[in-house]
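All of the numbers you see were taken from the coordinates with simple rules; none came from a lab. This one's a predicted model, so the numbers in the text were calculated from it and none came from an experiment. Cβ coordinates were reconstructed from backbone atoms using ideal geometry, including for glycine residues, and neighbour counts include every protein chain displayed.
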Amino acid sequence: MATLLKAVPEKTGRWVVEDRNKGVFKVAREAFVSDAIFEKERERIFDKCWLYLGHATELKEANDYLTRNVAGRELIFNRDRKGSYNAFFNVCPHRGAMVAREKCGSALGFKCFYHGWAFNNNGKFATRMGEGFYPEDFGKDGSVDLVRVPRLEEYRGFYFINFDEGAVSLEEYLADSREIIDLVADQSPNGMEIIGGGQQYSINANWKLLLENSFDGYHAEDTHATYFEYLSDYIGGAANDDLSAAKVESRAIDLKNGHAVIEGKAPWGRPIARTIPSWGEDGAADIRAARAELEARLGVEKAHRIADGDRNMGIFPSLVINDIMAITIRTFHPVSSGLIHVNAWAMGPVGEPRIQRKRRLDNFLEFLGPGGFATPDDVEALESAHRGYGNAKFAPWNDISRGLLKDQPTNFDEEQMRCFWREWARRMEDQ
Amino acid sequence: MTEVMMKPGAVTTEPVLNRSEYEDFLYHEAALLDAWRLDEWLELFVEGATYEVPTAGAPDDADSSESLFYIADDYFRLRHRIKRLNSKQAHSEWPRSKTLHTVTNVRILGAEADGVRVTSNFVTYRTKNDVTHTFVGRHYYVLRKTDDKLCIVSKRSMLDMDNLRPQGRVSIIV
Ligand code: FES
Ligand SMILES: [Fe+2]
């Protein structure tokens, strides 16, 4: 083991090393900075795995569309005249200009501005050509329709795409993460929706750093000390004590296929069912009503899990659903080995009353996002680590061993990251 | 006489000053931010003031009860934002970035019961870790004169950008 860890990882062809006898789990820093490994990730991970595209509620009506870049590819996510959901590559079959150039809208079809080719919103070629330029049956075979993304499937309103025609079904891929998605999707009798105004930002670091960070309970106390100071003042108690108590009760759960979740109980308020003194009697009453509704609809046990638990979930490779002081849906796309484009949204119940929505969004902003009291410090940590990995040749290994030998690792161990890395290695390393 | 656009039916109690007085105030504010004199910057705000940065490209009338912002501080959270930025544990801003706030196109939009609405364009540069990022947009203020001093009743910074790429964060006061 010792000699193996001294070796330069490239030469061994192994980037993830697990030794349960010694209780250590190591990941090669080369995996974060190597352009060759990044190219391989494109082929073996981003072209093979289910990637999050968007939520059903982002397209409220028939003919609605939005444009989005997923894993470096420009796509159109839309509903056609019949209301069905589609995903197309946003590229003209003629000579390649993008046929939709606005962020979102409502459109019966798409007309390419370059030479004027037009398409129905179900992708069908719909241009009348002058006589004599093309054969009479030109395009009748579908050869100049908009090209569909090979697979588009949905689970509880979450739409995913897959660039691999032969991939397993989304449900099979999601495995046990479906149960955790249910705990979000079931929070309201009216369904859940994406709240207006997503946050789009970039991070100068490798994408795997963000995945690790998104469900890393271990860093919270140190990296986010200023947030917990704020929170203690806000909730009128010692948030840090609650955090220590949470360490004992929390757990990390392997959701299979590289997905994992940490589940525990944190000191902040939860818009679904945990009030804090600063929300006052009105807030407490709203929370009691939400709790009663959950219990009546789902039973006491499930209501308890939804209301009292905080969950950070990573779905392999690049989707995070964190149901914490607010719900955030966060997906990210590597542009290169050292640059990520992040898209993050807030989610809440359809028809949520204004005052409750305001509490939810306040909760989101105090911690999350580029102007929050926590996320900017995460970004700093990720960028700092990525710069550090420039030393990979001489300081080659990350240590992810925390809690490896425990029967039940907690939020504050690193089992959730190991779940990710085992799957990453399975896909990336030649056996 | 300053040219003032009035909202129809607005009740005016706040006298409108010369534009140069507002400009001096905004330049002073920018200088405080560039010098990281954040406690003095906070003192420019009246108690109960708000400070907001909607997401890049949001409409001017974006509402923080309906849409996700980057920042939607009430006075309590604004005070904590400054407390946090004064701490060496605000890792994103420690070691501190260098900033340069420029303010142009100052206009008086009108007077209302709670103060005078003033807007400016801005370009703010933030330099950290060998990289300089630029933020561009418009500030919207409600300013009020109390005890012979101008104070901020509300400040909203609209970012005329598509997103936070490559800036990544708004951990400074833009
Ligand atoms: S590229 Fe679209 S019509 Fe020519
Ligand atoms: Fe964090």
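The mean sequence separation of alpha-carbon pairs under 8 Å and at least six residues apart, normalised by the residue count of chain B, gives a relative contact order of 27 percent. Rounded if a/c is under 1.5, else prolate if a/b beats b/c, else oblate: with a ≥ b ≥ c from the C-alpha gyration tensor eigenvalues square-rooted, which is chain A? The shape class here is oblate. Each of the GluC sites (Glu not before Pro) that DSSP puts in a loop and that has at most 16 other Cβ atoms within 10 Å breaks chain A; the longest unbroken stretch is A:166-428.
To make sure I understand, if each residue's beta carbon is the centre and we count other beta carbons within 10 Å, what order do A:S106, A:S34, A:S177 fall in, fewest to most? Numbers along the way, then the final one.
Numbers: A:S106 14, A:S34 20, A:S177 24.
Taking fewest neighbouring Cβ atoms as first place, the list is A:S106, A:S34, A:S177.
Of all the options A:L298, A:L210, A:L75, the one that moves most in a Gaussian network model of chain A with Cα springs shorter than 10 angstrom is A:L298. I need the P(r) histogram for the range B:1-144: all alpha carbon pairs, bin width 10 Å from 0 out to the longest distance, whole percents. Answer for the range B:1-144: a P(r) of 10, 34, 40, 13, 3, 0 percent. Round to the nearest 0.05 the FRET efficiency obtained for A:D308 and A:N190 when R0 = 30 Å and r is the Cβ-Cβ distance. Once rounded, the FRET efficiency stands at 0.85. Per-residue 3J(HN,Hα) values for the range A:42-53, derived from phi via the Karplus relation 6.51 cos²θ - 1.76 cosθ + 1.60 with θ = phi - 60°, read 4, 6, 8, 10, 6, 8, 10, 9, 6, 10, 6, 9 Hz in sequence order (x marks Gly and Pro). Taking other residues whose beta carbon is less than 15 angstrom from the beta carbon of B:L150, and scoring Lys, Arg as +1 and Asp, Glu as -1, yields -4. In sequence order, the range B:57-69 has phi-based couplings of x, 5, x, 4, 9, 3, 10, 6, 8, 10, 10, 6, 9 Hz under the Karplus curve 6.51 cos²θ - 1.76 cosθ + 1.60, θ = phi - 60°, and Gly or Pro positions carry x. Taking the protein assembly as shown as a whole, the Cys residues whose C-beta sits 4.7 Å or farther from every other Cys C-beta are A:C49, A:C104, A:C419, B:C151.
Amide H to amide H distances under 5 Å link A:V168 with no residue, where only residues 5 or more positions off or on other chains count and H is placed in the peptide plane. Remark: A:L146, A:L404, B:L164 ranked as A:L404, B:L164, A:L146, counting other beta-carbon atoms within 10 Å and listing the fewest first. Taking Cβ atoms as reference points and 10 Å as the exclusive limit, the residues near A:A175 contribute a net charge of -3, counting Lys and Arg as +1 and Asp and Glu as -1. Across the range A:275-290, computed HN-Hα scalar couplings (Karplus, 6.51 cos²θ - 1.76 cosθ + 1.60, θ = phi - 60°) run 8, 10, x, 5, 7, x, 5, 4, x, 4, 5, 4, 5, 4, 5, 4 Hz from first to last residue, x flagging Gly and Pro. Note on B:D74 and A:A289: with the Förster distance fixed at 25 Å, the Cβ-Cβ geometry gives a FRET efficiency of about 0.50. Amide H contacts for A:W397 (H built 1.01 Å from N in the peptide plane; partners 5 or more residues away or on another chain; cut-off under 5 Å): A:R29.
Remark: relative contact order (the range A:51-166) = 26 percent; criterion is Cα-Cα distance under 8 angstrom and separation of 6 or more residues. Principal-axis analysis of the Cα atoms of chain B puts helix B:19-34 at an angle of about 20° to the longest axis.
Computed from label points 7 Å out along Cα-Cβ, the spacing between A:R297 and A:D222 is 4.1 nm.
The order of A:S401, B:S20, A:S318, going from fewest to most other C-beta atoms within 10 Å of their C-beta, is B:S20, A:S401, A:S318.
Normalising by the residue count of chain A, find the relative contact order in percent from Cα pairs under 8 Å and 6+ residues apart. So the answer I get is 21 percent. An ellipsoid equivalent to the range A:23-87, defined through the eigenvalues of its Cα gyration tensor, has semi-axes of 36, 13, 9 Å when rounded to whole angstrom and sorted largest first.
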